[in-house]
Amino acid sequence: MTRSLFVTTCLICSWAAAAAAQPLDSSPADQPAQSFEELRKRVALGDTLYVVDAAGDETKGRLTSLRDVALTLAVDGARQQFAAADVMQIVRTRRDPVRNGILTGLGAGAVAGFALGRTWDSPTCPRAGVECGQGAMTGAIGGAFWGAVGGWITDALIRKRETIYTR
């Protein structure tokens with residue numbers, strides 16, 4: 001029992017580590033924009049942005065206008081305009097895609113549920129019996145469901161900051 005629990009825990013940890021690994025190379029689309037013209041392709045009106053000006057002050061607001069020479073944010077009900085020459089950096093937050101969390105949780109939960117469910121099966125069960133393996137199957141299905149729910153909730157709470165413009 002202890003050995004199978006240890007092996008299951010090791011499998012879950014190695015799977016989670018593999019799922020969390022990020023690719024080392026970055027495509028040109030991952031690089032921050034160098035002009036407001038490039039930035040226009042990456043943002044939409046209404047996006048929440050963090051603008052760092054030449055003084056180093058960060059302002060959070062929703063994008064209301066973006067032109068080649070300036071951008072305007074709605075900040076606490078007022079509009080604040082930033083000239084392109086004064087903007088040093090623009091950052092936005094994005095939600096983490098939930099599908100990888102769902103899949104990771106589903107797999108890890110199924111493995112853990114299967115291991116736990118095996119302990120519910122009778123050791124004296126005949127190998128060809130219909131009722132044999134019901135504990136393992138029930139544990140795997142329940143573990144997969146609750147693991148997927150847990151992975152979905154975890155990923156839904158994660159927000160990543162990404163720099164989308166630097167001067």
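Candidates Asp96, Asp121: the one that is of a type in the set (Asp, Glu) and in contact with a Lys or Arg (Cβ under 8 Å, 6 or more places away or on another chain) is Asp96. Which of the residues belonging to the stretch 67-106 are among the aliphatic types (A, V, I, L, M) and in contact with a strand residue (DSSP E or B) (Cβ under 8 Å, 6 or more places away or on another chain)? Answer for the stretch 67-106, where residues must be among the aliphatic types (A, V, I, L, M) and in contact with a strand residue (DSSP E or B) (Cβ under 8 Å, 6 or more places away or on another chain): Val69, Ala70, Leu71, Leu73, Ala74, Val75, Ala83, Ala84, Val87, Met88, Ile90, Val91. The residue that is farthest from Phe114 (Cα to Cα), among those in the stretch 150-167 that are touching a helix residue (DSSP H, G or I) at 6+ places or on another chain (Cβ under 7 Å) and of a type in the set (A, V, I, L, M, F, W, C), is Ile164.
Only one of (1) over 24 Å from the mean Cα position of the chain (by Cα); (2) farther than 21 Å from Ala44 by Cβ; (3) among the small types (Gly, Ala, Ser) is not met by Ala108, so which one is it? Checking Ala108 against (1) over 24 Å from the mean Cα position of the chain (by Cα); (2) farther than 21 Å from Ala44 by Cβ; (3) among the small types (Gly, Ala, Ser), the one that fails is (1). For Val7, work out the one condition from (1) outside any loop (DSSP other than H, G, I, E, B); (2) modelled with pLDDT of 55 or more; (3) surrounded by 10 or more Cβ atoms within 10 Å (Cβ to Cβ) it doesn't fulfil. Checking Val7 against (1) outside any loop (DSSP other than H, G, I, E, B); (2) modelled with pLDDT of 55 or more; (3) surrounded by 10 or more Cβ atoms within 10 Å (Cβ to Cβ), the one that fails is (2). None of Ala74, Ala108, Ala85 is buried (at least 20 other Cβ atoms within 10 Å of the Cβ) and aliphatic (A, V, I, L, M) except Ala108. Here Asp121 fulfils each of the conditions (1) under 28 Å from the mean Cα position of the chain (by Cα); (2) surrounded by 14 or more Cβ atoms within 10 Å (Cβ to Cβ); (3) not small (Gly, Ala, Ser) apart from (1). Collect the residues in the stretch 25-83 that are under 28 Å from the mean Cα position of the chain (by Cα) and basic (Lys, Arg), keeping them in residue-number order. Those that are under 28 Å from the mean Cα position of the chain (by Cα) and basic (Lys, Arg): Arg40, Lys41, Arg42, Lys60, Arg62.
The values are calculated or read from the model by the stated rules, or taken from the named source; none is laboratory data. Quantities reported herein were computed from a predicted structural model and do not represent experimental measurements. Ideal geometry is used to build each Cβ from the backbone, glycine not excepted, and the neighbour counts take in all protein chains shown.
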